[in-house]
Each structure stands twice: as C-alpha cells, then as structure tokens.
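**Student:** Mind having a look at this structure? Questions to follow.
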Amino acid sequence: GQNIDQPTEMTATEGAIVQINCTYQTSGFNGLFWYQQHAGEAPTFLSYNVLDGLEEKGRFSSFLSRSKGYSYLLLKELQMKDSASYLCAVGHSGGYQKVTFGTGTKLQVIP
Amino acid sequence: GAVVSQHPSRVICKSGTSVKIECRSLDFQATTMFWYRQFPKQSLMLMATSNEGSKATYEQGVEKDKFLINHASLTLSTLTVTSAHPEDSSFYICSARDGLASLEYFGPGTRLTVT
C-alpha cells in the first residue's frame, strides 16, 4: 500500500519562507504532486516532480528525493492568501495510475 | 490550464432519495475521471475510477450499487448517490486526467447534505 506523512499544521509569518515536508512509501512510484486547497474548495495543482531535484515556479518550489522517499514544498514571500491546506500526493501504478493523497498540512499565515 | 466543471455545487436532499452529480472536462478529452470524497478535516479519499466506455473501478469499501458511476463520453462522468443517508453527507470532488499528461484537474466539488 501507500503511506504518506506530512505535518498536520504549520504557522508562518507573512513575508517569510516556509517548508512543508512530505515523506512517502509506495510501490510503483510515478511522480509526486503538491496541491493547494482552501477551505470548502477543491484542490488546485501546484507542482509535479517525477525526477530528483528542485522545481521552481514563482514563489513556490518543490523538491523530490526518490531514494529517500522525501519531498518538500517551499513557499517564499508568504502572503495571507497562502493560508490553506497543502496536500502531498503520490502517483503510483498498479494496473493503471492512481494518486493517493496525504492528509494535508494546514498552513496559517499570520501578520 | 484545463478546466473541469461539476454540477451542482451544492445539493440538499432528503434521506432515501437519489442525487446525481455531473463532472465535465471542458477543454480536453478525459479518458479517465476520478471520484473522491472528502469529510471535514480529512484528505481526499478515492472512491472510484471512471473509464470511458467501460465499468468503473471501485476502491475497497465503496459500494458500487450505492454509488453509480457512468462515463458516457470522453467529457462527462456522472456519480449517482442512491438511497442517500445522512452519513453520505460529504464533499464530492471529481477529477479528470488529460491523456497527454499525468496531471489530474479537479472540479470545484459538490457539497452534499442529506437531511
């Protein structure tokens, strides 16, 4: 099966940098996704890593180490609107590709 | 980016009735669509995978006779919650996979309340 761990909650200050970690165990690994989900809304796609290394996209960056089963999402220059849950999700194959979501990290940005 | 719509966005129904939720990919063809359920403060749980032209694949513990899925075309999948009960109240989210990529695009979700 799949096992995904990420912190439940984090708090950070507006303008600062925050790193949200995710560790996973899976068979048939086929990429790692990060999604942002505001309360009461559906998730929105942030990033996708399939190879080791850092992917940068504006204020958001995502890192993957497949050998360590580890990823992080880095948010820079935090804004109040970044307060949301951040979901780590692992793609894995098993007949067809599926995505399993972690429980999410609720980030609160404070002034 | 790709757009997926869901209808209705909110629905309230009485216990014992059935509710149909539609999921449409608006600007791409989705050979595979997924149905998730999310309870408050929990993560998304995959219910079933909907493949165009074939029967849906349900996850363990999801009753296929209760949650009917029809993927009639490359742009439309429907989820019907039959004989709904209050415990079926949840946030139902669909996603569609762009066949050219591995990305899933989520619909805005449907909040179902069964009274």
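**Student:** Test of the criteria: in the range B:1-45, which trypsin sites (Lys or Arg not before Pro) are in a DSSP loop and have at most 10 other Cβ atoms within 10 angstrom of their Cβ?
**Tutor:** Numbers: sites: B:10, B:14, B:20, B:24, B:37, B:41; in loops: B:14, B:41.
Within the range B:1-45, the qualifying trypsin sites (Lys or Arg not before Pro) (loop, at most 10 other Cβ atoms within 10 Å) are B:14.
**Student:** Of A:10, B:47, B:33, how do they rank once you tally other Cβ atoms within 10 Å and put the fewest first? Working shown, then result.
**Tutor:** Details: A:10 17, B:47 24, B:33 30.
Lowest count first: A:10, B:47, B:33.
**Student:** Here's a follow-up. Filter the GluC sites (Glu not before Pro) in the range A:51-93 to those in DSSP coil with at most 14 other Cβ atoms within 10 Å of their Cβ, and list the result. Walk me through the numbers before you get to the answer.
**Tutor:** Working: sites: A:55, A:56, A:77; in loops: A:77.
Those that pass, being in a loop and sparsely packed, are A:77.
**Student:** Can you give the net charge of the other residues whose Cβ lies under 11 Å from the Cβ of residue A:62, counting K and R as +1 and D and E as -1? Display every interim value, and only then the final one.
**Tutor:** On the way: positive: A:57; negative: A:55, A:56.
Around residue A:62, the charge tally is -1.
**Student:** Output needed for the range B:68-108: three equivalent-ellipsoid semi-axes, defined as square roots of 5 times the C-alpha gyration tensor eigenvalues, in descending order, whole Å.
**Tutor:** On the way: eigenvalues 121, 36, 7 Å².
In descending order, the three semi-axes are 25, 13, 6 Å.
**Student:** Let me ask something else about it. Shape of the range B:7-51 from its Cα gyration tensor (a ≥ b ≥ c, root eigenvalues): rounded if a/c is under 1.5, otherwise prolate when a/b > b/c, or oblate?
**Tutor:** Details: a/c = 2.01, a/b = 1.36, b/c = 1.48.
The shape class here is oblate.
**Student:** Please work out the ratio of the alpha-carbon Rg of chain B to 2.2 N^0.38 Å and round it to two decimals. Show your work: numbers first, answer last.
**Tutor:** Working: Rg = 13.3 Å, N = 115, 2.2 N^0.38 = 13.4 Å.
That ratio works out to 0.99.
**Student:** Then there is this: Counting other Cβ atoms within 10 Å, keep those with at most 16, restrict to DSSP loop, and tell me which trypsin sites (Lys or Arg not before Pro) in the range A:9-111 are left.
**Tutor:** Values: sites: A:57, A:59, A:66, A:68, A:76, A:81, A:98, A:106; in loops: A:59, A:66, A:68, A:76.
Sites meeting the loop and neighbour criteria: A:59, A:66, A:68, A:76.
**Student:** Residue B:51: net charge of surrounding residues, Cβ under 13 Å, Lys/Arg +1, Asp/Glu -1, itself excluded?
**Tutor:** Details: positive: A:98, B:55, B:97; negative: B:52.
Local charge sum for residue B:51: +2.
**Student:** Additional query: Any of A:68/B:41; A:81/A:106; B:14/B:66; A:57/A:81 with alpha carbons more than 20 Å apart? Name them for me.
**Tutor:** Working: A:68/B:41 28 Å; A:81/A:106 13 Å; B:14/B:66 16 Å; A:57/A:81 17 Å.
Listed pairs above 20 Å: A:68/B:41.
**Student:** In a shell of Cβ-Cβ distance under 15 Å around residue B:13, excluding residue B:13 itself, what net charge do Lys and Arg (+1) and Asp and Glu (-1) give? Walk me through the numbers before you get to the answer.
**Tutor:** Details: positive: B:10, B:14, B:20, B:66, B:111; negative: B:87, B:88.
So the environment of residue B:13 carries a net charge of +3.
**Student:** Separate question: Evaluated at 10 °C with a viscosity of 1.306 mPa s, what Stokes-Einstein diffusion coefficient in µm²/s does the protein assembly as shown have when Rh comes from the Kirkwood expression over alpha-carbon pairs?
**Tutor:** Numbers: Rh = 18.1 Å.
Here the translational diffusion coefficient equals 88 µm²/s.
**Student:** Return the inverse of the average 1/r over all pairs of distinct C-alpha atoms in chain A, which is the Kirkwood hydrodynamic radius, in Å to one decimal.
**Tutor:** Working: mean 1/r = 0.0713 Å⁻¹.
About 14.0 Å for chain A.
**Student:** I would also like to ask the following. Using a 10 Å cut-off around each Cβ of peptide A:34-45, what is the average number of partner chain Cβ atoms that fall inside?
**Tutor:** Numbers: counts 0, 3, 0, 6, 0, 2, 4, 5, 16, 10, 3, 7.
Whole-number average of other-chain Cβ neighbours for A:34-45 is 5.
No value in this document is a laboratory result; all are computed from the given coordinates. Everything quoted here is computed from the prediction, not taken from an experiment. Neighbour counts are summed over all protein chains in view; Cβ atoms, including those assigned to glycine, are modelled from backbone coordinates with ideal geometry.
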